[in-house]
Amino acid sequence: MLEMQTYKRPDSDAPVPTGTFVPFNSKPLCGSRSNNVGWIVAANGCHLWCGVKHPKGYGYVRYGGRSRPAHIVRYEMEVGPVPEGMQLDHFACDTPSCCNPAHVRPASNRENTLRGQTVTSANAAKTHCPKGHPFSGSNLTVVGSGERAGHRRCRTCDRLREKCRVRKPR
């Protein structure tokens with residue numbers, strides 16, 4: 001369960017009430033001149049980005065001369081750099097527009113993908129083939145290359161398919 005958090009501005013110990021707009025105060029760093037770039041503190045602790053958003057919902061801000069995801073910029077400014085080979089996973093809230101550094105953590109691409117609601121994670125969670133045979137032990141074949149690398153197949157179903165295949169006379 002997500003723990004309720006009280007956001008405090010870095011320059012003050014006073015908590016920011018829910019629903020308050022907090023401006024992104026790094027204008028010298030990000031080159032943003034807009035007064036409406038920042039986030040709103042939500043009741044669940046999310047900091048919902050109010051600036052430009054990617055079609056998938058992630059907030060974006062100009063930082064270091066280029067457009068970057070707001071949750072990564074805030075994490076780097078308030079926590080530190082994202083470790084090499086890792087990406088930030090919204091583990092606490094699964095809200096793309098949330099830029100609260102406490103709601104993200106470094107994770108591998110595989111971990112982030114499998115934890116999400118994706119086709120890849122749904123297939124990885126399957127323990128049996130559509131016919132009910134287990135995807136384990138000697139009944140499991142891992143095939144494929146390129147994009148299909150790691151594709152799992154059921155040996156029992158493969159054998160049944162081969163038996164039923166009609167061979168055409170030459």
Exercise for review: Please state which one of ALA122, ALA102 is part of a helix (DSSP H, G or I), of a type in the set (Gly, Ala, Ser) and at pLDDT below 85.
Suggested key: ALA122
Point to revise | Which listed residue, of PRO96, PRO101, PRO81, is touching a helix residue (DSSP H, G or I) at 6+ places or on another chain (Cβ under 9 Å) and without any contact (Cβ under 8 Å) to a residue 12 or more places away in the chain | key: PRO81
Study note, to complete from the structure: From the option list VAL142, VAL104, single residue qualifying as over 23 Å from the mean Cα position of the chain (by Cα) and surrounded by 10 or more Cβ atoms within 10 Å (Cβ to Cβ) is VAL142
Check your understanding: Out of all the residues in region 49-61, is one or more open to solvent by 70 Å² or more (accessible area, probe 1.4 Å), without any contact (Cβ under 8 Å) to a residue 24 or more places away in the chain, under 14 Å from PHE24 (Cβ atoms) and of a type in the set (A, V, I, L, M)?
Key -> yes
Study note, to complete from the structure: Of the residues in region 35-77, those that are acidic (Asp, Glu) and either at pLDDT below 90 or outside any helix (DSSP H, G or I) (or both) number 0
Practice item. Give me the pairs, please: first residue somewhere in region 105-125 and under 17 Å from ALA149 (Cβ atoms), second residue anywhere and small (Gly, Ala, Ser), beta-carbon distance under 7 Å, and either six or more positions apart or on two chains. Key: THR113/SER121; LEU114/SER121; LEU114/ALA124
Review point. Does GLU111 fit the bill of being over 30 Å from ASP158 (Cβ atoms), open to solvent by 60 Å² or more (accessible area, probe 1.4 Å) and part of a loop (DSSP other than H, G, I, E, B)?
Key: no
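The values are calculated or read from the model by the stated rules, or taken from the named source; none is laboratory data. What you see is a predicted model, and the numbers here were worked out from it, not measured in a lab. Glycine gets a Cβ as well: all are built from the backbone with ideal geometry, and neighbour counts include every protein chain shown. For the accessible areas, the whole protein counts, side chains as well, though only heavy atoms, and no ligand, DNA or RNA atoms are used. Shrake-Rupley method; radii C 1.70, N 1.55, O 1.52, S 1.80 Å.
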